[in-house]
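The values are calculated or read from the model by the stated rules, or taken from the named source; none is laboratory data. Just so it is clear, the model here is predicted, and its values are computed rather than measured. When we count neighbours, we look across all protein chains shown, and the Cβ atoms used for this are built from the backbone with ideal geometry, even at glycine. Ligands, DNA and RNA are stripped out before the accessible areas are found, and what is left, the full protein with its side chains, is counted by its heavy atoms. Shrake-Rupley method; radii C 1.70, N 1.55, O 1.52, S 1.80 Å.
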Amino acid sequence: MSSIIKSVKSWFASPATETPGAGTSTQIITRDQHSISRKDISDNALKVLYRLSNAGYESFLVGGGVRDILLGLHPKDFDIATNATPEQIKELFRNCRIIGRRFRLAHILFGRDVIEVATFRAHCDDNIQQAKEGMILRDNVYGDIEEDAIRRDFTINALYYNIKDFSVHDFCDGLADLRKRQLRMIGDPETRYREDPVRMLRAVRLACKLNLTIEPNTLKPVAELSHFLEQVPAARLWEEYRKLFLAGAAKLTFQKLREYGLFHALFPATDRALKHDDETQTQAIEQLVLDALENTDTRIASEQTVNPAFLMAVMLWQPLLESTEALQQKGNNFNDAFFKSMARVLNAQNQHISIPRRYALVIRDIWSMQLRLPAYHGKKAWSIFEHPRFRAAYDFLLLRSQSDPRQKELADWWTKFQEADASDRRQMLQKTGSGKKRKRRKPRNQKRQPANKNKH
Ligand code: ATP
Ligand code: MG
(Lines give C-alpha, C1' and ligand atoms only; values in the text may rest on other atoms or scores of the structure.)
(Ligands and ions follow the chains in the order given, each with its own letter.)
Protein backbone atom coordinates (compact mmCIF):
# COMPACT_ATOMS: atom_id res chain seq x y z
CA MET A 1 0.00 0.00 0.00
CA SER A 2 2.69 2.47 0.95
CA SER A 3 4.40 2.03 -2.43
CA ILE A 4 1.14 2.96 -4.17
CA ILE A 5 0.88 6.14 -2.15
CA LYS A 6 4.51 6.92 -2.80
CA SER A 7 4.17 6.41 -6.52
CA VAL A 8 0.99 8.49 -6.67
CA LYS A 9 2.60 11.25 -4.61
CA SER A 10 5.68 11.25 -6.78
CA TRP A 11 3.68 12.43 -9.80
CA PHE A 12 3.27 15.69 -8.00
CA ALA A 13 6.85 16.02 -6.90
CA SER A 14 7.73 18.00 -10.00
CA PRO A 15 5.26 20.12 -11.97
CA ALA A 16 3.70 18.46 -15.00
CA THR A 17 3.86 20.08 -18.41
CA GLU A 18 0.79 22.12 -19.29
CA THR A 19 -0.24 21.84 -22.90
CA PRO A 20 -1.27 25.25 -24.13
CA GLY A 21 -4.67 25.50 -25.68
CA ALA A 22 -5.65 21.94 -24.83
CA GLY A 23 -7.97 22.81 -21.96
CA THR A 24 -7.00 24.13 -18.57
CA SER A 25 -6.53 20.82 -16.82
CA THR A 26 -4.64 18.98 -19.55
CA GLN A 27 -1.40 17.64 -18.19
CA ILE A 28 1.31 15.57 -19.78
CA ILE A 29 3.31 13.62 -17.25
CA THR A 30 6.65 12.54 -18.64
CA ARG A 31 8.02 9.01 -18.15
CA ASP A 32 10.27 9.98 -15.22
CA GLN A 33 7.31 11.44 -13.31
CA HIS A 34 5.03 8.42 -13.18
CA SER A 35 5.31 4.77 -12.22
CA ILE A 36 4.11 3.00 -15.37
CA SER A 37 6.69 0.73 -16.90
CA ARG A 38 6.33 -1.41 -20.02
CA LYS A 39 6.96 -4.42 -17.77
CA ASP A 40 3.46 -3.86 -16.32
CA ILE A 41 1.83 -4.19 -19.74
CA SER A 42 1.15 -7.55 -21.36
CA ASP A 43 3.22 -8.56 -24.39
CA ASN A 44 0.10 -8.72 -26.54
CA ALA A 45 -1.01 -5.23 -25.58
CA LEU A 46 2.50 -3.92 -26.28
CA LYS A 47 2.48 -5.62 -29.69
CA VAL A 48 -0.77 -3.87 -30.60
CA LEU A 49 0.39 -0.50 -29.23
CA TYR A 50 3.63 -0.65 -31.22
CA ARG A 51 2.09 -1.84 -34.46
CA LEU A 52 -0.43 1.01 -34.44
CA SER A 53 2.28 3.51 -33.57
CA ASN A 54 4.72 2.19 -36.20
CA ALA A 55 1.97 2.51 -38.81
CA GLY A 56 1.78 6.22 -37.98
CA TYR A 57 -1.31 6.21 -35.78
CA GLU A 58 -1.66 7.62 -32.29
CA SER A 59 -1.55 4.72 -29.88
CA PHE A 60 -2.42 4.89 -26.18
CA LEU A 61 -3.13 2.49 -23.36
CA VAL A 62 -6.22 3.77 -21.57
CA GLY A 63 -8.87 2.94 -18.98
CA GLY A 64 -8.56 0.27 -16.33
CA GLY A 65 -5.09 -0.77 -17.54
CA VAL A 66 -3.49 2.61 -16.82
CA ARG A 67 -5.55 3.18 -13.67
CA ASP A 68 -4.71 -0.20 -12.15
CA ILE A 69 -0.97 0.02 -12.87
CA LEU A 70 -0.85 3.45 -11.23
CA LEU A 71 -2.60 1.94 -8.21
CA GLY A 72 0.05 -0.76 -8.06
CA LEU A 73 -2.34 -3.49 -9.22
CA HIS A 74 -2.09 -5.97 -12.07
CA PRO A 75 -4.70 -5.12 -14.72
CA LYS A 76 -6.75 -8.03 -15.95
CA ASP A 77 -7.31 -6.55 -19.38
CA PHE A 78 -5.80 -3.83 -21.52
CA ASP A 79 -7.75 -1.32 -23.57
CA ILE A 80 -6.15 0.69 -26.31
CA ALA A 81 -7.31 3.94 -27.88
CA THR A 82 -6.18 5.21 -31.27
CA ASN A 83 -7.04 7.61 -34.06
CA ALA A 84 -7.11 4.69 -36.55
CA THR A 85 -10.64 3.72 -37.61
CA PRO A 86 -11.81 0.12 -37.12
CA GLU A 87 -11.23 -0.53 -40.83
CA GLN A 88 -7.68 0.83 -40.64
CA ILE A 89 -7.05 -1.30 -37.55
CA LYS A 90 -8.33 -4.36 -39.40
CA GLU A 91 -5.84 -3.73 -42.20
CA LEU A 92 -3.00 -3.88 -39.69
CA PHE A 93 -4.03 -7.05 -37.86
CA ARG A 94 -4.99 -10.37 -39.41
CA ASN A 95 -6.32 -11.51 -36.01
CA CYS A 96 -8.78 -8.60 -35.81
CA ARG A 97 -12.55 -8.77 -35.43
CA ILE A 98 -14.82 -5.75 -35.53
CA ILE A 99 -17.55 -5.97 -32.92
CA GLY A 100 -20.33 -3.90 -31.41
CA ARG A 101 -23.35 -2.12 -32.75
CA ARG A 102 -23.53 0.72 -30.31
CA PHE A 103 -19.77 1.28 -30.35
CA ARG A 104 -17.76 -0.24 -33.16
CA LEU A 105 -14.61 -1.67 -31.63
CA ALA A 106 -11.75 -3.79 -32.86
CA HIS A 107 -10.84 -6.91 -30.97
CA ILE A 108 -7.35 -8.23 -31.60
CA LEU A 109 -7.34 -11.90 -30.72
CA PHE A 110 -4.32 -13.73 -29.33
CA GLY A 111 -5.79 -17.11 -28.50
CA ARG A 112 -8.01 -16.44 -25.49
CA ASP A 113 -6.45 -13.07 -24.80
CA VAL A 114 -8.39 -10.22 -26.37
CA ILE A 115 -7.01 -6.70 -26.70
CA GLU A 116 -9.74 -4.14 -27.27
CA VAL A 117 -8.87 -1.26 -29.56
CA ALA A 118 -11.27 1.69 -29.74
CA THR A 119 -11.09 4.62 -32.11
CA PHE A 120 -11.16 8.01 -30.34
CA ARG A 121 -14.81 8.97 -30.02
CA ALA A 122 -16.48 12.30 -29.50
CA HIS A 123 -19.56 12.95 -27.44
CA CYS A 124 -21.45 14.91 -30.05
CA ASP A 125 -25.03 15.97 -29.29
CA ASP A 126 -25.98 16.40 -32.95
CA ASN A 127 -24.98 12.92 -33.94
CA ILE A 128 -25.93 10.72 -31.06
CA GLN A 129 -29.31 9.13 -30.88
CA GLN A 130 -30.87 9.72 -27.52
CA ALA A 131 -34.03 8.35 -25.98
CA LYS A 132 -36.45 10.83 -24.38
CA GLU A 133 -34.93 10.30 -20.94
CA GLY A 134 -31.46 11.14 -22.20
CA MET A 135 -30.12 7.62 -22.68
CA ILE A 136 -27.63 7.33 -25.53
CA LEU A 137 -28.68 4.67 -28.02
CA ARG A 138 -25.89 5.10 -30.59
CA ASP A 139 -22.83 7.28 -30.53
CA ASN A 140 -20.34 6.28 -33.11
CA VAL A 141 -18.80 9.62 -33.80
CA TYR A 142 -15.05 9.73 -34.10
CA GLY A 143 -13.14 12.50 -32.39
CA ASP A 144 -9.72 13.42 -31.06
CA ILE A 145 -8.07 12.20 -27.88
CA GLU A 146 -9.39 15.04 -25.74
CA GLU A 147 -12.95 14.46 -26.89
CA ASP A 148 -12.41 10.77 -26.26
CA ALA A 149 -11.32 11.54 -22.69
CA ILE A 150 -14.35 13.57 -21.71
CA ARG A 151 -16.88 11.01 -22.95
CA ARG A 152 -15.39 8.40 -20.61
CA ASP A 153 -17.06 7.80 -17.27
CA PHE A 154 -14.70 8.57 -14.38
CA THR A 155 -11.66 10.84 -14.31
CA ILE A 156 -9.37 8.00 -13.25
CA ASN A 157 -10.53 6.02 -16.30
CA ALA A 158 -9.49 8.83 -18.64
CA LEU A 159 -5.72 8.56 -18.29
CA TYR A 160 -3.77 7.78 -21.47
CA TYR A 161 -0.32 6.20 -21.65
CA ASN A 162 1.43 7.14 -24.87
CA ILE A 163 3.56 4.34 -26.29
CA LYS A 164 5.54 6.84 -28.37
CA ASP A 165 7.21 8.67 -25.48
CA PHE A 166 5.86 6.77 -22.43
CA SER A 167 4.12 9.87 -21.09
CA VAL A 168 0.73 9.90 -19.38
CA HIS A 169 -1.91 12.33 -20.68
CA ASP A 170 -4.40 13.51 -18.08
CA PHE A 171 -7.30 15.60 -19.39
CA CYS A 172 -9.70 15.48 -16.44
CA ASP A 173 -7.56 15.67 -13.30
CA GLY A 174 -7.66 11.92 -13.00
CA LEU A 175 -4.24 11.74 -11.34
CA ALA A 176 -5.35 14.10 -8.58
CA ASP A 177 -8.43 11.94 -7.98
CA LEU A 178 -6.33 8.79 -7.99
CA ARG A 179 -4.11 10.37 -5.36
CA LYS A 180 -7.20 11.13 -3.27
CA ARG A 181 -8.45 7.62 -4.05
CA GLN A 182 -11.74 9.02 -5.23
CA LEU A 183 -14.04 8.15 -8.08
CA ARG A 184 -15.37 11.26 -9.79
CA MET A 185 -17.67 11.42 -12.78
CA ILE A 186 -16.50 13.47 -15.74
CA GLY A 187 -19.08 16.20 -16.41
CA ASP A 188 -22.48 16.49 -14.78
CA PRO A 189 -23.14 13.20 -12.97
CA GLU A 190 -26.90 13.20 -13.42
CA THR A 191 -26.65 13.79 -17.19
CA ARG A 192 -23.98 11.12 -17.51
CA TYR A 193 -26.07 8.56 -15.59
CA ARG A 194 -29.09 9.35 -17.72
CA GLU A 195 -27.01 8.81 -20.86
CA ASP A 196 -25.92 5.43 -19.59
CA PRO A 197 -27.41 4.14 -16.32
CA VAL A 198 -24.84 1.32 -16.18
CA ARG A 199 -22.38 3.98 -15.02
CA MET A 200 -24.13 3.83 -11.62
CA LEU A 201 -23.21 0.16 -11.35
CA ARG A 202 -19.70 0.85 -12.57
CA ALA A 203 -19.28 3.49 -9.86
CA VAL A 204 -20.16 1.01 -7.12
CA ARG A 205 -18.15 -1.80 -8.68
CA LEU A 206 -14.96 0.20 -9.13
CA ALA A 207 -15.24 1.86 -5.71
CA CYS A 208 -15.59 -1.53 -4.00
CA LYS A 209 -13.00 -3.33 -6.10
CA LEU A 210 -10.37 -0.60 -5.82
CA ASN A 211 -11.23 0.63 -2.34
CA LEU A 212 -12.09 4.16 -3.49
CA THR A 213 -14.62 6.63 -2.16
CA ILE A 214 -17.27 7.91 -4.52
CA GLU A 215 -17.03 11.69 -4.66
CA PRO A 216 -20.22 13.16 -3.08
CA ASN A 217 -21.58 14.83 -6.24
CA THR A 218 -20.98 11.65 -8.18
CA LEU A 219 -22.89 9.63 -5.59
CA LYS A 220 -25.73 12.08 -4.93
CA PRO A 221 -28.03 11.41 -7.91
CA VAL A 222 -27.64 7.62 -7.80
CA ALA A 223 -30.52 6.62 -5.50
CA GLU A 224 -32.96 8.83 -7.38
CA LEU A 225 -31.93 7.56 -10.81
CA SER A 226 -31.71 3.86 -9.97
CA HIS A 227 -34.93 3.07 -11.85
CA PHE A 228 -33.20 4.08 -15.11
CA LEU A 229 -31.45 0.73 -14.95
CA GLU A 230 -34.75 -0.83 -16.01
CA GLN A 231 -34.15 0.59 -19.50
CA VAL A 232 -30.82 -1.15 -19.90
CA PRO A 233 -30.98 -4.31 -22.03
CA ALA A 234 -31.07 -7.36 -19.76
CA ALA A 235 -28.28 -9.02 -21.76
CA ARG A 236 -25.90 -6.15 -20.97
CA LEU A 237 -26.76 -6.48 -17.29
CA TRP A 238 -25.68 -10.13 -17.31
CA GLU A 239 -22.16 -8.95 -18.16
CA GLU A 240 -22.36 -6.29 -15.46
CA TYR A 241 -23.68 -8.84 -12.95
CA ARG A 242 -20.61 -11.00 -13.62
CA LYS A 243 -18.26 -8.09 -13.17
CA LEU A 244 -20.03 -6.89 -10.03
CA PHE A 245 -20.02 -10.20 -8.26
CA LEU A 246 -17.07 -12.09 -9.67
CA ALA A 247 -14.33 -9.52 -9.21
CA GLY A 248 -13.29 -10.37 -5.67
CA ALA A 249 -15.34 -7.81 -3.72
CA ALA A 250 -18.81 -9.30 -4.05
CA LYS A 251 -19.85 -8.94 -0.43
CA LEU A 252 -19.00 -5.26 -0.17
CA THR A 253 -20.49 -4.61 -3.61
CA PHE A 254 -23.77 -6.24 -2.56
CA GLN A 255 -23.91 -4.14 0.61
CA LYS A 256 -23.20 -0.92 -1.29
CA LEU A 257 -25.68 -1.73 -4.06
CA ARG A 258 -28.32 -2.11 -1.37
CA GLU A 259 -27.22 1.01 0.45
CA TYR A 260 -27.44 3.11 -2.73
CA GLY A 261 -30.79 1.63 -3.79
CA LEU A 262 -29.42 -0.15 -6.88
CA PHE A 263 -29.85 -3.76 -5.85
CA HIS A 264 -33.59 -3.69 -6.44
CA ALA A 265 -33.09 -2.87 -10.12
CA LEU A 266 -30.95 -5.97 -10.60
CA PHE A 267 -32.71 -8.48 -8.34
CA PRO A 268 -36.22 -7.23 -7.53
CA ALA A 269 -37.48 -10.58 -6.23
CA THR A 270 -34.43 -11.08 -3.99
CA ASP A 271 -34.70 -7.53 -2.76
CA ARG A 272 -38.35 -8.10 -1.80
CA ALA A 273 -37.42 -11.31 0.02
CA LEU A 274 -34.73 -9.40 1.92
CA LYS A 275 -37.36 -6.95 3.12
CA HIS A 276 -39.69 -9.60 4.46
CA ASP A 277 -41.91 -8.75 7.45
CA ASP A 278 -40.62 -11.71 9.39
CA GLU A 279 -37.28 -10.51 10.73
CA THR A 280 -35.87 -13.94 11.56
CA GLN A 281 -36.58 -15.11 8.05
CA THR A 282 -35.04 -11.98 6.56
CA GLN A 283 -31.90 -12.50 8.59
CA ALA A 284 -31.62 -16.10 7.41
CA ILE A 285 -31.99 -15.06 3.75
CA GLU A 286 -29.46 -12.30 4.15
CA GLN A 287 -27.03 -14.65 5.80
CA LEU A 288 -27.38 -17.17 2.97
CA VAL A 289 -26.60 -14.47 0.40
CA LEU A 290 -23.76 -12.94 2.43
CA ASP A 291 -22.18 -16.37 3.06
CA ALA A 292 -22.33 -17.12 -0.66
CA LEU A 293 -20.77 -13.79 -1.55
CA GLU A 294 -18.04 -14.26 1.02
CA ASN A 295 -17.30 -17.76 -0.32
CA THR A 296 -17.11 -16.32 -3.81
CA ASP A 297 -14.62 -13.67 -2.71
CA THR A 298 -12.51 -16.26 -0.87
CA ARG A 299 -12.47 -18.53 -3.91
CA ILE A 300 -11.40 -15.68 -6.18
CA ALA A 301 -8.70 -14.63 -3.74
CA SER A 302 -7.27 -18.15 -3.85
CA GLU A 303 -7.64 -18.29 -7.66
CA GLN A 304 -10.30 -21.00 -7.58
CA THR A 305 -12.96 -21.03 -10.29
CA VAL A 306 -16.38 -19.49 -9.68
CA ASN A 307 -19.53 -20.08 -11.66
CA PRO A 308 -21.90 -17.13 -12.10
CA ALA A 309 -24.80 -19.60 -12.09
CA PHE A 310 -24.11 -20.67 -8.51
CA LEU A 311 -24.50 -17.18 -7.10
CA MET A 312 -27.58 -16.61 -9.20
CA ALA A 313 -29.06 -19.84 -7.77
CA VAL A 314 -28.40 -18.46 -4.28
CA MET A 315 -29.91 -15.05 -5.03
CA LEU A 316 -33.10 -16.61 -6.35
CA TRP A 317 -33.44 -19.41 -3.79
CA GLN A 318 -35.79 -17.56 -1.45
CA PRO A 319 -38.01 -16.25 -4.27
CA LEU A 320 -38.18 -19.86 -5.48
CA LEU A 321 -39.28 -21.12 -2.07
CA GLU A 322 -41.85 -18.36 -1.71
CA SER A 323 -43.30 -19.02 -5.14
CA THR A 324 -43.41 -22.75 -4.37
CA GLU A 325 -45.34 -22.08 -1.19
CA ALA A 326 -47.78 -19.82 -3.00
CA LEU A 327 -48.45 -22.47 -5.64
CA GLN A 328 -48.88 -25.13 -2.98
CA GLN A 329 -51.50 -22.97 -1.35
CA LYS A 330 -53.29 -22.96 -4.68
CA GLY A 331 -53.46 -26.75 -4.53
CA ASN A 332 -50.31 -27.89 -6.36
CA ASN A 333 -48.30 -30.68 -4.78
CA PHE A 334 -44.82 -29.69 -3.59
CA ASN A 335 -42.88 -31.11 -6.55
CA ASP A 336 -45.18 -29.54 -9.15
CA ALA A 337 -45.09 -26.24 -7.32
CA PHE A 338 -41.30 -26.33 -7.04
CA PHE A 339 -40.65 -27.08 -10.71
CA LYS A 340 -43.22 -24.59 -11.95
CA SER A 341 -41.65 -22.00 -9.69
CA MET A 342 -38.17 -22.65 -11.09
CA ALA A 343 -39.43 -21.57 -14.52
CA ARG A 344 -41.39 -18.63 -13.10
CA VAL A 345 -38.55 -17.26 -11.03
CA LEU A 346 -36.04 -17.59 -13.86
CA ASN A 347 -38.43 -15.95 -16.35
CA ALA A 348 -39.03 -13.05 -14.01
CA GLN A 349 -35.30 -12.60 -13.38
CA ASN A 350 -34.61 -12.70 -17.14
CA GLN A 351 -36.57 -9.48 -17.51
CA HIS A 352 -33.83 -7.76 -15.51
CA ILE A 353 -30.68 -9.79 -16.00
CA SER A 354 -30.85 -12.12 -18.94
CA ILE A 355 -29.31 -15.43 -17.90
CA PRO A 356 -27.72 -17.30 -20.81
CA ARG A 357 -29.33 -20.69 -21.37
CA ARG A 358 -26.33 -22.77 -20.37
CA TYR A 359 -26.22 -21.04 -16.98
CA ALA A 360 -29.99 -21.34 -16.51
CA LEU A 361 -29.58 -25.11 -16.91
CA VAL A 362 -26.95 -25.17 -14.18
CA ILE A 363 -29.22 -23.15 -11.87
CA ARG A 364 -32.09 -25.58 -12.49
CA ASP A 365 -29.81 -28.55 -11.77
CA ILE A 366 -28.52 -27.04 -8.52
CA TRP A 367 -32.08 -26.37 -7.38
CA SER A 368 -33.62 -29.69 -8.39
CA MET A 369 -30.72 -31.54 -6.78
CA GLN A 370 -31.73 -29.94 -3.46
CA LEU A 371 -34.81 -32.15 -3.62
CA ARG A 372 -32.76 -35.24 -4.38
CA LEU A 373 -29.98 -34.81 -1.82
CA PRO A 374 -32.17 -35.84 1.16
CA ALA A 375 -32.94 -39.16 -0.57
CA TYR A 376 -29.48 -40.59 0.08
CA HIS A 377 -30.76 -43.94 1.23
CA GLY A 378 -28.93 -46.94 -0.21
CA LYS A 379 -28.40 -47.10 -3.91
CA LYS A 380 -29.98 -43.74 -4.66
CA ALA A 381 -26.99 -42.10 -3.05
CA TRP A 382 -24.76 -43.31 -5.90
CA SER A 383 -26.84 -41.79 -8.64
CA ILE A 384 -26.92 -38.48 -6.76
CA PHE A 385 -23.18 -38.66 -6.17
CA GLU A 386 -22.48 -39.37 -9.84
CA HIS A 387 -24.60 -36.50 -11.09
CA PRO A 388 -22.42 -34.04 -13.02
CA ARG A 389 -23.76 -31.21 -10.88
CA PHE A 390 -23.33 -33.00 -7.55
CA ARG A 391 -20.45 -30.85 -6.34
CA ALA A 392 -22.26 -27.55 -6.99
CA ALA A 393 -25.45 -28.92 -5.43
CA TYR A 394 -23.54 -30.11 -2.38
CA ASP A 395 -21.83 -26.72 -2.01
CA PHE A 396 -25.27 -25.14 -2.21
CA LEU A 397 -26.59 -27.46 0.51
CA LEU A 398 -23.58 -26.68 2.68
CA LEU A 399 -24.27 -23.02 2.32
CA ARG A 400 -27.94 -23.49 3.18
CA SER A 401 -26.95 -25.43 6.29
CA GLN A 402 -24.98 -22.42 7.57
CA SER A 403 -28.11 -20.31 7.84
CA ASP A 404 -30.63 -23.16 8.33
CA PRO A 405 -29.68 -25.64 11.10
CA ARG A 406 -32.31 -28.08 9.81
CA GLN A 407 -30.04 -28.84 6.84
CA LYS A 408 -26.98 -29.53 8.98
CA GLU A 409 -27.44 -33.26 9.47
CA LEU A 410 -27.95 -33.81 5.77
CA ALA A 411 -24.97 -31.65 4.82
CA ASP A 412 -22.80 -33.51 7.35
CA TRP A 413 -23.85 -36.87 5.91
CA TRP A 414 -22.77 -35.84 2.41
CA THR A 415 -19.53 -34.34 3.71
CA LYS A 416 -18.72 -37.61 5.45
CA PHE A 417 -19.69 -39.65 2.40
CA GLN A 418 -17.30 -37.74 0.18
CA GLU A 419 -14.45 -37.93 2.64
CA ALA A 420 -14.94 -41.66 3.29
CA ASP A 421 -13.02 -44.40 1.48
CA ALA A 422 -14.81 -47.09 -0.50
CA SER A 423 -15.40 -49.45 2.43
CA ASP A 424 -16.62 -46.69 4.75
CA ARG A 425 -18.98 -45.52 2.04
CA ARG A 426 -20.39 -49.03 1.71
CA GLN A 427 -20.92 -49.11 5.45
CA MET A 428 -22.64 -45.75 5.44
CA LEU A 429 -24.97 -46.93 2.72
CA GLN A 430 -25.67 -50.23 4.41
CA LYS A 431 -26.99 -48.26 7.34
CA THR A 432 -29.40 -46.44 5.08
CA GLY A 433 -30.41 -49.31 2.74
CA SER A 434 -28.75 -51.32 -0.03
CA GLY A 435 -25.07 -50.41 -0.37
CA LYS A 436 -24.69 -51.92 -3.83
CA LYS A 437 -23.92 -49.63 -6.65
CA ARG A 438 -26.97 -49.63 -8.86
CA LYS A 439 -26.66 -50.86 -12.42
CA ARG A 440 -28.25 -48.45 -14.77
CA ARG A 441 -30.94 -49.98 -16.90
CA LYS A 442 -32.13 -46.81 -18.55
CA PRO A 443 -30.11 -43.82 -19.63
CA ARG A 444 -30.09 -41.02 -17.06
CA ASN A 445 -32.20 -38.59 -19.06
CA GLN A 446 -35.07 -41.08 -19.24
CA LYS A 447 -34.85 -41.62 -15.51
CA ARG A 448 -35.06 -37.92 -14.86
CA GLN A 449 -38.07 -37.45 -17.08
CA PRO A 450 -40.61 -37.12 -14.29
CA ALA A 451 -38.75 -34.11 -13.01
CA ASN A 452 -38.44 -32.54 -16.47
CA LYS A 453 -42.10 -33.09 -17.17
CA ASN A 454 -42.95 -30.62 -14.49
CA LYS A 455 -40.58 -27.93 -15.60
CA HIS A 456 -42.93 -26.09 -17.92
P1 ATP B 1 -12.11 -3.21 -15.49
O2 ATP B 1 -10.99 -3.27 -14.53
O3 ATP B 1 -13.34 -3.80 -14.95
O4 ATP B 1 -11.79 -3.68 -16.88
P5 ATP B 1 -12.41 -0.70 -16.83
O6 ATP B 1 -12.57 0.69 -16.32
O7 ATP B 1 -11.20 -0.97 -17.67
O8 ATP B 1 -12.46 -1.64 -15.58
P9 ATP B 1 -13.92 -1.52 -19.11
O10 ATP B 1 -15.31 -2.01 -19.19
O11 ATP B 1 -12.81 -2.43 -19.55
O12 ATP B 1 -13.70 -1.08 -17.61
O13 ATP B 1 -13.86 -0.17 -19.91
C14 ATP B 1 -12.66 0.42 -20.38
C15 ATP B 1 -12.77 1.93 -20.33
O16 ATP B 1 -13.83 2.37 -21.19
C17 ATP B 1 -13.11 2.52 -18.97
O18 ATP B 1 -11.99 2.68 -18.16
C19 ATP B 1 -13.73 3.84 -19.36
O20 ATP B 1 -12.74 4.78 -19.71
C21 ATP B 1 -14.51 3.48 -20.61
N22 ATP B 1 -15.90 3.09 -20.32
C23 ATP B 1 -16.34 1.84 -20.06
N24 ATP B 1 -17.66 1.83 -19.85
C25 ATP B 1 -18.07 3.11 -19.97
C26 ATP B 1 -19.33 3.76 -19.87
N27 ATP B 1 -20.42 3.08 -19.59
N28 ATP B 1 -19.37 5.11 -20.05
C29 ATP B 1 -18.25 5.80 -20.35
N30 ATP B 1 -17.04 5.24 -20.45
C31 ATP B 1 -16.93 3.92 -20.27
MG1 MG C 1 -10.83 -2.77 -18.75
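When the dipole is taken about the Cα centre of the range 287-434, and only Lys, Arg (+1) and Asp, Glu (-1) are charged at their Cβ, what size is it in debye, to the nearest 20?
In total the dipole reaches around 600 debye.
Using a 1.4 Å probe on the protein chains only, how many percent of the accessible area of the chain belongs to carbon and sulfur?
48
Once you place label points 7 Å from the Cα toward the Cβ at GLU419 and ARG94, how far apart are they in nm?
5.6
Which value, in Å², gives the accessible area per residue of the range 263-431 when a 1.4 Å probe is used on the protein heavy atoms?
Value returned for the range 263-431: 49 Å² of accessible area per residue.
Provide the packing ranking of 302-312, 83-93, i.e. peptides ordered by the mean count of other C-beta atoms within 10 Å per residue, highest first.
83-93, 302-312
From the cross-link list LYS379/LYS416; LYS39/LYS76; LYS39/LYS180; LYS340/LYS380; LYS47/LYS243; LYS220/LYS251, which pairs have alpha carbons spaced over 18 Å apart?
Violating the 18 Å Cα-Cα cut-off are LYS39/LYS180; LYS340/LYS380; LYS47/LYS243; LYS220/LYS251.
Return the Cα extents of the range 246-314 along principal axes one, two and three, sorted largest first, each rounded to a whole Å.
The principal-axis extents, from largest down, are 39, 23, 18 Å.
Roughly how many nanometres apart are two label points built 7 Å out from the Cα toward the Cβ at THR191 and ASN335?
Using points 7 Å along Cα→Cβ, the separation is 6.1 nm.
With a 10 Å radius around each residue's Cβ, average the other Cβ atoms per peptide and rank 383-393, 418-428, 321-331, highest first.
Highest-to-lowest ranking by the protection proxy: 383-393, 321-331, 418-428.
Picking from ALA249, ASN295, PHE338, whose Cα lies most toward the positive end of the charge dipole for the chain (charges on Cβ: Lys, Arg +1; Asp, Glu -1)?
Checking the options against the dipole of the chain, the answer is PHE338.
I'd like the distance between the alpha-carbon centres of the range 359-406 and the range 188-206, rounded to an integer number of Å.
One Cα centre to the other: 39 Å.
Extension gain GLN304-GLN351, at 0.36 nm per residue separation less the Cα-Cα distance, in nm?
Working it through step by step, the gained length comes to 13.9 nm.
Let me spell out the model: positive unit charges on the Cβ of Lys and Arg, negative unit charges on the Cβ of Asp and Glu, origin at the Cα centre of the chain. What dipole size does that give, in debye rounded to 20? Don't skip to the end; give the middle numbers.
Working: 72 positive and 56 negative charges, 699 e Å.
It comes to approximately 3360 debye.
Could you give P(r) for the range 263-431, binned at 10 Å from zero, as whole percent values over all Cα-Cα pairs?
Going from the shortest bin to the longest, the percentages are 9, 34, 38, 16, 3, 0.
Once you keep just the Cα pairs under 8 angstrom separated by 6 or more residues, what percentage relative contact order results for the chain? The partial results should precede the final answer.
Numbers: 665 pairs, mean separation 43.3, N = 456.
Computed value for the chain: 9 percent relative contact order.
Divide by every residue of the chain the summed helix terms, -39500 (n - 2.57) for each DSSP H run of at least 4, and state the resulting mean residue ellipticity at 222 nm, rounded to the nearest 500 deg cm²/dmol.
It comes out at -15000 deg cm²/dmol, rounded to the nearest 500.
Can you tell me, using C-alpha contacts under 8 Å and at least 6 residues apart, the relative contact order of the range 46-88 as a whole percent?
This gives 40 percent for the range 46-88.
So what's Rg/Rh here for the chain, counting alpha carbon atoms and using the Kirkwood radius for Rh?
1.04
Can you pull the one-decimal nm distance between simple spin-label points at GLU294 and ARG236, each 7 Å off the Cα toward Cβ?
Taking the simple label geometry, GLU294 and ARG236 are separated by 3.5 nm.
Calculate the FRET efficiency for GLU259 and ARG426 from the Cβ-Cβ distance with a Förster distance of 60 Å, rounded to the nearest 0.05. Walk me through the intermediate numbers first.
Numbers: r = 52 Å, r/R0 = 0.87.
Between GLU259 and ARG426 the formula returns 0.70.
Under a straight-distance cross-link criterion of Cα-Cα below 13 Å, which aspartates and glutamates are reachable from LYS164, leaving out those fewer than 8 residues away in the same chain?
GLU58
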